[in-house]
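This report refers to the structure that appears directly beneath it.
Just so it is clear, none of the values below were taken in a lab; they were calculated from the coordinates. Being a predicted model, the structure only gives us computed values, none of them experimental. In this analysis, Cβ positions are derived from the backbone assuming ideal geometry, glycine residues included, and neighbour counts consider all displayed protein chains.
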Amino acid sequence: MQKSKEKILVYADVHGNLDALIKLKKTRDYKTATKIIFLGDSVTMCDRSKECLEEILNGKEIYLLGNHDSYCANGLPKSMKASARKQAHQSYIRNSVPDGLKEELKTKDKELYLTLCGKKIYFTHYLWKSDEDVEDEIELEYRTPENFDKKFERIDADIIFHGHDHYPFHVLSDKKEYYVVGSLGIKIPAKYIVIIAKNDKLKIKHKTLHYNFKKVKDRMIKLDYPNAKLYSEFFEN
Ligand SMILES: [Mn+2]
């Protein structure tokens, strides 16, 4: 039997959206969580990468590294064929983040195992194919139990939580259960997950959060940094 109730908040892919992050921090779910797990990618896309990074690194979050966090800390992987605009965006972000924060990112783990109510639970941004980059995600139309099982074959866990893919999803196979958390920062409404472990029972819920994304969008367009316009269109797509 679990001695007391544990409430774990899981979120991912803030992508520089400080407004969404502040909104999350004001929720009861955030304030009453006994553990908060951030599945990576606090930077790139929206206009407040540095602030989001500081906020999450200095918070009570367990910070798991995302691929964009890795690009910010180490630069884009040499093997990556990024467009000129994507490279320009990346440089813009890297230049806006102080070296101290980049060094701190380099110390972060990429995965976490927890045991809750007798279940082995795995948390990650996404499957890492190297030290610097993650694998391609399963495309929306191929999100079947079989494809998840194939992709996560090497992970020994009962339940898997991951970020990276911005569209929330839940699927159960014969072997495992999978939760795609969804993005807090670059999709509307904002997404996160709450896990409650109580009396040896696990309750897992996708949650949404509404905030004034138009304010963020307008600011991005006004600031007009590389790819700002393109990323400002991600919220509603
Ligand atoms: Mn990612």
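Counting every other Cβ atom within 10 Å of each residue's Cβ, VAL171, VAL43 order from fewest to most as VAL171, VAL43. Dipole magnitude for the chain: computed about the Cα centre from +1 point charges on Lys and Arg Cβ and -1 point charges on Asp and Glu Cβ, it is near 960 debye.
A crude spin-label estimate for the pair LYS215 and LYS119, with each label 7 Å from Cα along the Cβ direction, gives 3.6 nm. The length gained on full extension between ASN147 and SER79, counted as 0.36 nm times the residue separation minus their Cα-Cα distance, comes to 21.9 nm. Cross-linked pairs LYS31/LYS215; LYS106/LYS201; LYS60/LYS205; LYS86/LYS205; LYS108/LYS203; LYS86/LYS106: Cα-Cα separations exceed 32 Å for LYS106/LYS201; LYS86/LYS205. By other beta-carbon atoms within 10 Å, ranking ARG85, ARG143 with the fewest at the front produces ARG85, ARG143. Charge tally for ILE204 (other residues, Cβ to Cβ under 11 Å; Lys, Arg +1; Asp, Glu -1): +4.
For the residues MET45, MET80, what sequence is obtained by ranking on other C-beta atoms within 10 Å, fewest first?
MET80, MET45
Principal-axis analysis of the Cα atoms of the chain puts helix 84-96 at an angle of about 80° to the longest axis. The spacing between region 58-77 and region 116-151, judged by their C-alpha centroids, is 18 Å. Averaging over all projection directions, the Cα-based convex hull of region 6-232 occupies 12.1 nm² in the image plane.
Annotation: extensible slack from ASN237 through LYS222 equals 3.4 nm (criterion: 0.36 nm per residue apart, minus Cα-Cα distance).
In this simple spin-label model, placing a label point 7 Å from the Cα along the Cα-to-Cβ direction at both THR27 and ASP200 gives a separation of 3.0 nm.
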